[in-house]
């Protein structure tokens, strides 16, 4: 009988330990808990991690309280200006009411994501359908995403879910429309480039003609100034010669004759014959410039290294100028 008593105590202890095991549960920091009794919610544990007690007949459903992802498949939307867009949106949500979530979805996150995805697609169609193509693609995307978030959040309250944010990942034209738009843009850019090139060529011709005209004017003015300066120099040169001649005519005649000898006899391969009575030889025989006497038989002496060309000069200046022209 004593043995039977010990067995009964052990059984009671085992049953008590089993009852304690069934009555204790742990809630982690990333979870909320819902205590159910025969399918009816008895207690909701929110933001209270640690050990908790329940009756052995109760059951516990754990609900994730972290921010969850919802990736919606891309869908085609018609904007208010009748342009088609392929929109790829996603959302971030959190389960804030475990009891409402359980009543609406029986605690299934997959079912909640499915229903929330339908809410998201509907809101995207409504909001983007009232906006223009450029508002969606460029101008008002932040405001549109905010409107979508607000609409989805209102509908998600019935699921015990709060939508944190909705973002449009991509909003593009369909592939066929994108190719057509690309070809049209390419054609427009080519036309614009051709127009710019034509305008540039016209401007280049205008600048070139203006530069040629300016160059012609500048050259003409330079030639005019050069001729004017050259004329002034020649006049000054003649005035200087005239002044020198007036001061000492004999010395001037001697100097001009020396210049004529220098220019006429400078070339080694130049030959010419002159009459002995020519003024060109007036300083050959006399330093005072007396005219030489005619030689016997009328033979003229050779001047220079073998001169063979006949020329008669009447004055020293004329001989000097002729000698200069021959040397040049």
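The values are calculated or read from the model by the stated rules, or taken from the named source; none is laboratory data. Values in this document were obtained by computation on a predicted structure and should not be read as measured data. Glycine also receives a Cβ, built like all others from the backbone with ideal geometry; neighbour counts cover every protein chain displayed.
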Exercise for the section: Spot the failing condition for residue 144; the list is (1) in contact with a strand residue (DSSP E or B) (Cβ under 8 Å, 6 or more places away or on another chain); (2) under 30 Å from residue 181 (Cα atoms); (3) exposed (fewer than 13 other Cβ atoms within 10 Å of the Cβ), and only one is missed. Expected result: (3)
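Part of a strand (DSSP E or B) and within 26 Å of residue 46 (Cα to Cα): does that describe residue 91? So that I can check it myself, show each step before the final result.
Values: part of a strand (DSSP E or B): yes; within 26 Å of residue 46 (Cα to Cα): yes.
Yes, satisfied.
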Practice task
Look at residue 77 and say whether it is in contact (Cβ under 8 Å) with a residue 12 or more places away in the chain, closer than 19 Å to residue 95 by Cα and surrounded by 13 or more Cβ atoms within 10 Å (Cβ to Cβ).
Solution key: no
Exercise for the section: Please tell me if residue 122 is under 16 Å from residue 91 (Cβ atoms), surrounded by fewer than 17 Cβ atoms within 10 Å (Cβ to Cβ) and assigned by TED's automatic domain parsing to the domain that holds residue 74. Expected result: yes
Exercise for the section: Answer yes or no: is there a residue in the stretch 217-235 that is under 30 Å from residue 282 (Cα atoms), part of a helix (DSSP H, G or I) and free of Cβ contacts under 8 Å to residues at least 12 places away in the same chain. Expected result: yes
Problem - Residues of the stretch 158-210 classified as within 27 Å of the chain's Cα centre (by Cα) and part of a strand (DSSP E or B), total - result: 3
Exercise for the section: Might you check whether a residue that is closer than 17 Å to residue 171 by Cβ, assigned to a helix (DSSP H, G or I) and in contact (Cβ under 8 Å) with a residue 40 or more places away in the chain occurs anywhere in the stretch 114-122? Expected result: yes
Completion exercise
Among 26, 30, 96, 106, the single one that is assigned by TED's automatic domain parsing to the domain that holds residue 135 and either free of Cβ contacts under 8 Å to residues at least 40 places away in the same chain or under 30 Å from residue 172 (Cβ atoms) (or both) is 106
Completion exercise
Of the candidates 14, 33, 19, 41, the one satisfying the condition of being on the phi < 0 side of the Ramachandran plot, within 60 Å of the chain's Cα centre (by Cα) and either in a strand (DSSP E or B) or surrounded by 10 or more Cβ atoms within 10 Å (Cβ to Cβ) (or both) is 33
Practice task
Specify the residue that is farthest from the chain's Cα centre (by Cα); the eligible residues are those in the stretch 45-60 that are surrounded by fewer than 17 Cβ atoms within 10 Å (Cβ to Cβ) and part of a strand (DSSP E or B).
Solution key: 53
Handout entry: Residues satisfying the stated conditions in the stretch 142-177, i.e. modelled with pLDDT under 85 and over 16 Å from residue 72 (Cβ atoms)
Key = 173, 174, 175, 176, 177
Completion exercise
Given (1) in a helix (DSSP H, G or I); (2) surrounded by fewer than 10 Cβ atoms within 10 Å (Cβ to Cβ); (3) modelled with pLDDT under 80, residue 110 misses just (3)
